[in-house]
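What follows is one structure encoded as structure tokens, with my remarks underneath.
The values are calculated or read from the model by the stated rules, or taken from the named source; none is laboratory data. Being a predicted model, the structure only gives us computed values, none of them experimental. Here Cβ is always computed from backbone atoms with ideal geometry, including for glycine, and neighbour counts include all displayed protein chains.
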Amino acid sequence: MTATDHAVELVVTAARAASDKLAQQIIAFDVSDQLAITDAFLLASATNDRQVRAIVDEVEDKLREIGAKPIRREGERDGRWVLIDYGEIVVHVQHEEERQFYALERLWRDCPTIPLPADVTATERG
């Protein structure tokens, strides 16, 4: 099983939105073989709490524009690690320190990555 085309579209839209707000280390994993509850994870880092919130707001705005609404959101009050669940995808926006500490990439390294467009990956700043 692999992530659906719609899930990949959501991932790409969310990745571009995160990139527009200067997110770092943007990576997407196809977790559909490992988890029954979602197809993909998108991870993005920010240098401070305010940037985490800005990235989250932009991701939500851009996904709303293509008809996606979050099922739930967690961690927004602290602004250190915000999780936005869209059903088909889950977006994790983390402060750099949380990203290093929790190292979700290591947890999901056996899952295939979802290729992101050059306009997202070319803006890597970390």
Checklist outcome for this item: Of the residues in the stretch 48-64, those that are acidic (Asp, Glu) and either free of Cβ contacts under 8 Å to residues at least 40 places away in the same chain or under 13 Å from ARG16 (Cα atoms) (or both) come to ASP57, GLU58, GLU60, ASP61
Item to check | Extreme residue, nearest to the chain's Cα centre (by Cα), among residues of the stretch 68-109 that are within 23 Å of ASP5 (Cβ to Cβ) and without any contact (Cβ under 8 Å) to a residue 24 or more places away in the chain | outcome: PRO70
Checklist entry - What's the number of the condition LEU10 fails, among (1) modelled with pLDDT of 95 or more; (2) closer than 19 Å to VAL120 by Cα; (3) surrounded by fewer than 23 Cβ atoms within 10 Å (Cβ to Cβ)? => result (3)
Checklist entry - What number of residues within the stretch 38-47 are assigned to a strand (DSSP E or B) and either surrounded by fewer than 16 Cβ atoms within 10 Å (Cβ to Cβ) or hydrophobic (A, V, I, L, M, F, W, C) (or both)? => result 6
Next on the checklist: With the requirement that a residue be surrounded by fewer than 17 Cβ atoms within 10 Å (Cβ to Cβ) and among the basic types (Lys, Arg), what does the stretch 48-79 give you?
Outcome noted: ARG50, ARG53, ARG64, LYS69, ARG72, ARG73, ARG77
Next on the checklist: On the basis of being touching a Gly at 6+ places or on another chain (Cβ under 6 Å) and outside any loop (DSSP other than H, G, I, E, B), does GLN51 make the cut?
Outcome noted: no
Next on the checklist: Of everything in the stretch 60-89, what is in a loop (DSSP other than H, G, I, E, B) and among the basic types (Lys, Arg)? Give them in sequence order.
Outcome noted: LYS69, ARG77, ARG80
